[in-house]
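Written below as structure tokens is the structure these notes are about.
Read-outs: derived from the displayed coordinates by stated rules, not from any lab. Worth saying up front: this structure is predicted, and the values here are computed from it rather than measured. Ideal geometry is used to build each Cβ from the backbone, glycine not excepted, and the neighbour counts take in all protein chains shown.
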Ligand SMILES: [Zn+2]
């Protein structure tokens, strides 16, 4: 019986190795080597164009590798190529993946904070449909459909608006200018933090709304701190804006796990709330205790008028591409002073029934909370 079973297993193994699926898997391996090599080639271009050596801590690398797919294949091997060439890794806080849909182009972006120069490199999909040998023989211009170097230092660009206009209006980074310049400039500030940059990369770009989310997070964490393992934050995101991407990442408050419920307000509701509270109503935040089945809730306001005033962007006379970027930088001063813009409009306790009512599609959470 034992020998019979062994025979069967051997036959099965033989069959499996002859199946076409295995051959496919082998060719996928060689394609992944190409993607690794692709990352390596992009890094070499950046090192030459931005004049840096392996291990240079003035360099930031951003890419959507691992999110973007090329010809139906995932692209995470490009990260290994970049890491090998530049010595950069996620743990050093200078190598981030920026979220993009899987159907978007694969790109690499490097920024040298010592010089202010950046390079954007986008992959030509067709170039990966080659054998390893063919790929090796291709020129950079065949592999990449865009290699574009430009100054990305915000202070420099504000002093050289012609260059800024050319970069932004001419789409030097193929439409990613705002996202990449924003993340690069915040990263370059000494007071920058990994958690914030990570959230901005998840959001796809860095805008004042993400910063607002960071401030809300700090405010809630101070007023309603998590004190034991039964507690977690639940967000009724009404109305929804960029803040919510930071919050769901930071608190693991994902919609799929009932950590976040997202609802819009009509213009009329927003206006009425603004008149009533003299601030922008910005959601309900619950510290929920899963064991006790109860929680504490805050309805918060975020005063954007105050934030525009404080950052001097209310009467912005500079180039339009710079407004939000300047605001991003100036809002850094308020990262740890959220109370300048955030106020508690209402504080109340929540039980299971009330939480369910605030999460229900047929209900209006602000009415349930007694705010509207
Ligand atoms: Zn945004």
- Where a label projected 7 Å from the Cα of residue 125 along Cα→Cβ would reach, residues of the stretch 59-82 with amide N under 11 Å: 69-73
- Cα-Cα pairs above 22 Å in the stretch 209-368: how many percent? 42
- Message: Contact order normalised by length for the chain, with contacts defined as Cα pairs under 8 Å and 6 or more residues apart; what percent is it?
- Response: 12
- Message: Given the DSSP H assignment, sum -39500 (n - 2.57) over each helix run of at least 4 residues in the chain and divide by its residue total; what's the result at 222 nm in deg cm²/dmol, nearest 500?
- Response: -13500 deg cm²/dmol
- Tell me, what are the semi-axes, in whole angstrom and largest first, of the equivalent ellipsoid of the chain as set by the roots of 5 times the Cα gyration tensor eigenvalues? 43, 33, 17
- Between the helical axis of 267-277 and the dominant principal axis of the chain, each derived from Cα atoms, what acute angle in degrees is found, rounded to the nearest 10? 50
- Note on the structure: Tilt, helix 208-223 to longest principal axis of the chain (alpha-carbon atoms), in degrees rounded to tens, equals 60
- Query: Taking the Cα atoms of the stretch 18-206, what is the range of coordinates along each of the three principal axes, in descending order and whole Å?
  - Reply: 64, 32, 30
- Message: As I understand it, the value is the acute angle between the Cα axis of helix 194-203 and the longest principal axis of the Cα atoms of the chain; what does it come to in degrees, rounded to 10?
- Response: 80
- Here the tail fraction of P(r) beyond 13 Å, over all Cα-Cα pairs of the stretch 330-372, rounds in percent to 64
- Task: Note the full-extension length gain between residue 149 and residue 195 as 0.36 nm times their separation in residues minus their Cα-Cα distance, in nm to one decimal.
- Result: 13.8 nm
- Message: Running a GNM on the chain with Cα contacts under 10 Å, which residue among 61, 217, 137 ends up with the highest mean-square fluctuation?
- Response: 137
- Rg/Rg_ref, the stretch 244-324, where Rg_ref = 2.2 N^0.38 Å and atoms are Cα: 1.43
- May I ask you to sort 211, 344 by Cβ crowding, counting other Cβ atoms within 10 Å and putting the fewest first? 344, 211
